[in-house]
Structure formats: structure tokens, C-alpha cells
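Enquirer: My questions all concern the structure below.
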């Protein structure tokens, strides 16, 4: 049986040459650099065939780092807080 998580992740457009855009560098990153990196990553997510699966995964597991499903850490925190307030 194929693991669904592994299955969708192999189809993500974030794999390969663009992977560096989805997580902050290990060194200091200026705010404007972070915003540019995140904008580029989100643009890739928006045309990715597994956007919905990725977003659901990140929200369900409360993924703490990186861009997942076109959402930053802050985006996910806001979405989770909003859904908890319903």
C-alpha cells in the first residue's frame, strides 16, 4: 500500500531546485529578503497540483516551519486560531 503523505509529497513543485525557497536559511535573513523568498515560494504553491493536500497536511500536523500549501508559519497560526474560534 502506498503511503498517501509520501505519495502527494513526491508530486510537490517545491521539490528539487526550488526547495531553498520554502524554509528560511540557517543564517540571518532580512525582512525584505524573507518577504521576497516567501512570495516566490507561495507563487510556486499556487500552481502546484498538490496545494490542497499540502495545506491540509500542514494544518493538521501544525507544521511549525516553512511554507506549506502557500501558507507561512504566521498564516497557519492565524488560520488555526480562526478555526478554533468558530
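Bear in mind these aren't lab numbers, they're just calculated from the coordinates by the rules spelled out. Remember, it's a predicted structure, so these values are computed and weren't measured experimentally. For neighbour counting, all protein chains shown are included, and Cβ atoms are generated from backbone atoms with ideal geometry for every residue, glycine included.
Enquirer: Starting from the 7 Å offset along Cα-to-Cβ, what nm value, one decimal, do you get for the label separation of residue 82 and residue 64?
Expert: Using points 7 Å along Cα→Cβ, the separation is 2.4 nm.
Enquirer: By how many nm would the segment from residue 32 to residue 56 grow when fully extended, if each residue of separation counts as 0.36 nm and the alpha-carbon distance is taken off?
Expert: Numbers: separation 24, 0.36 × 24 = 8.64 nm, distance 2.79 nm.
Roughly 5.9 nm would be gained on extension.
Enquirer: So for the pair residue 20, residue 73, with labels modelled 7 Å out along Cα→Cβ, what separation do we get in nm?
Expert: 2.1
Enquirer: Can you sort 23, 28 from fewest to most other Cβ atoms within 10 Å of each residue's own Cβ?
Expert: 28, 23
Enquirer: Would you please put 62-73, 34-45 in order of how densely packed they are, using the mean number of other Cβ atoms within 10 angstrom per residue and starting with the highest? Please report the intermediate quantities before stating the final value.
Expert: Values: 62-73: 17.7, 34-45: 16.1.
Highest mean packing first, the order is 62-73, 34-45.
Enquirer: So for the chain, Kirkwood radius off the Cα pairs, Stokes-Einstein at 4 °C and 1.567 mPa s: how many µm² s⁻¹?
Expert: Details: Rh = 13.6 Å.
Value of D from the Cα-based Kirkwood radius: 96 µm²/s.
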